[in-house]
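Visitor: Right, I'll just put the structure down here and ask away after.
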Amino acid sequence: MAGVFKRKVIKPGSRIRVLVVDDSVVIRRLVTHALSEDPAFEVVGSAANGAIALARIPQLNPDVVTLDIQMPEMDGLQALREIRKQYPDLCVIMFSTLTERGATATIEALMLGANDYVTKAANVGSLDVSMAALRSELIPKIKQFFVLPGETAPSPPPVSSQVAPPPPPPVRPAVLVRSKPKVVAIGVSTGGPNALSVVMPMFPADFPLPILIVQHMPPLFTRFLAERLAAHSKIRVEEAAEGMLVEPGKALIAPGDYHMRLSRRDGQVIVRLDQGPPENSCRPSVDVLFRSVEEIYKGAVISVILTGMGQDGLRGAEVLKASGAWVIAQDEASSVVWGMPGAVVQAGLADRVLSLEQVAPEILRLV
């Protein structure tokens, strides 16, 4: 499992230094141009393959490497392995294609320690469209790993402090008598494949509840993630499909580009998939799943928010908390990005704020 990447503080007067690695001259120029338009970035160099990139890292001292997966001589996965050995704290963003090969390689890269990834849109048409897509996806994904001048790094949540912590944010009134949990619902984004690879193998084969997961990923990627997790877990892990039964001892991952909701049919709970509007710019959305889980199970839910950028899951957690469900949030120290769990903690919704390794044992205790 990859280590946790701590947000690097960029000093006043400095910029985020980027090394662009891709065998395509067009892509290198496109990425360089897109980043150069943002005053927070300085593209310090480029390389046509992993071997050249490794030679240039000590010369250029980048803060970030954008790394294509498919390159001659030394591809992105080989380069990533070497970067993690030599520069464990260097931020690496993978460039992937929306293909089966690209999806499997991206999951592999995330497991090897890549911080995040962006997808290359195939045949997007004009250069302007390509630039707009790059700016909207790549720039925020890099910035989430840095504290820019004028920003302040988030402080640890009060509940994790050991010495005389200040009072935590007010917690919503909880139901005094909790229902016995009937389902586990998990929301996760940036850093999710690694986080899930820690949590899922801890569940025993006879785990008595269904597990429902929203991981922010595109189509294909979620299927390969499910297959990867299934190979290392004692319970069944599958990508969800329309009409699939929600059963004990089985984890279902929402497919990319589809919201996952639940409904009842003949006394059984089944999956409903739809392509309704994105929520929090996400489809699948954690909020959508959490609301639907509350409609079916009321307060008999253990909800979990793991590492991720943004606030998806916050509104859904509010709904679940009001019904008496348990809300578990990953702590800042073990999160790759403390956006999603941090929002839940700061809103006073979390019953437990735990390190990643403590999440599954706490779920087992509650069950």
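Visitor: Let's test the formula: R0 of 56 Å, r as the Cβ-Cβ distance of GLU238 and HIS33. What FRET efficiency results, to the nearest 0.05?
Guide: Plugging the Cβ-Cβ distance into 1/(1 + (r/R0)^6) gives 0.85.
Visitor: Going by amide H atoms built from the backbone, whose H comes under 5 Å of the H on ALA251, apart from near neighbours?
Guide: ILE211, ARG236, VAL237, GLU238
Visitor: Starting from the Cα-Cα distance between MET202 and VAL147, subtract it from 0.36 nm times their residue separation and give me the gain in nm to one decimal.
Guide: 16.4 nm
Visitor: Would you mind putting 227-233, 30-36 in packing order, based on average other-beta-carbon counts within 10 Å, highest first?
Guide: 30-36, 227-233
Visitor: Same structure again: Based on a Kirkwood Rh over C-alpha pairs, give the Stokes-Einstein translational diffusion coefficient of region 1-100 at 10 °C and viscosity 1.306 mPa s in µm²/s.
Guide: Translational diffusion coefficient: 114 µm²/s.
Visitor: Can you put GLU357, GLU295 in order of accessible area, largest first, using a 1.4 Å probe?
Guide: So the residues, ranked largest to smallest area, are GLU295, GLU357.
Visitor: Counting pairs on different chains as well as pairs 8 or more places apart, how many Lys pairs in the chain have Cα atoms under 18 Å apart?
Guide: For the chain, qualifying lysine pairs total 14.
Visitor: Arrange the peptides 268-281, 323-336 so that the one whose residues have, on average, the most other Cβ atoms within 10 Å appears first.
Guide: Result, highest mean Cβ count within 10 Å first: 323-336, 268-281.
Visitor: Still on this structure, I have one more. Send over a whole-number figure in Å² for the accessible area per residue of the chain, probe 1.4 Å.
Guide: 42
Visitor: Calculate one ³J(HN,Hα) per residue across region 351-367 by plugging θ = phi - 60° into the Karplus curve 6.51 cos²θ - 1.76 cosθ + 1.60, and present them in order as whole Hz with x for glycine and proline.
Guide: Those phi angles translate into 6, 9, 10, 10, 5, 4, 5, 8, 5, 4, x, 5, 4, 4, 5, 5, 6 Hz.
Visitor: Work out the FRET efficiency for GLU42 and ARG81 from their Cβ-Cβ distance, taking R0 = 35 Å, and round it to the nearest 0.05.
Guide: Result of the calculation: an efficiency of 0.85.
Visitor: Using a 1.4 Å probe on the protein heavy atoms, what percent of the accessible area of the chain belongs to carbon and sulfur?
Guide: 54
Visitor: Packing-wise, with mean Cβ within 10 Å as the measure, how do 138-149, 342-353 rank, highest first?
Guide: Going from most to least packed, we get 342-353, 138-149.
Visitor: Any chance you could run the full-extension gain for LYS298 through GLU100? It's 0.36 nm times the residue separation minus the Cα-Cα distance, nm to one decimal.
Guide: Full-extension gain reported as 67.5 nm.
The values are calculated or read from the model by the stated rules, or taken from the named source; none is laboratory data. Here the structure is a predicted model, which means the values were calculated and not measured. When we count neighbours, we look across all protein chains shown, and the Cβ atoms used for this are built from the backbone with ideal geometry, even at glycine. Each accessible area value is taken on the protein alone, full model and side chains, heavy atoms only, with ligands, DNA and RNA left out. Shrake-Rupley method; radii C 1.70, N 1.55, O 1.52, S 1.80 Å.
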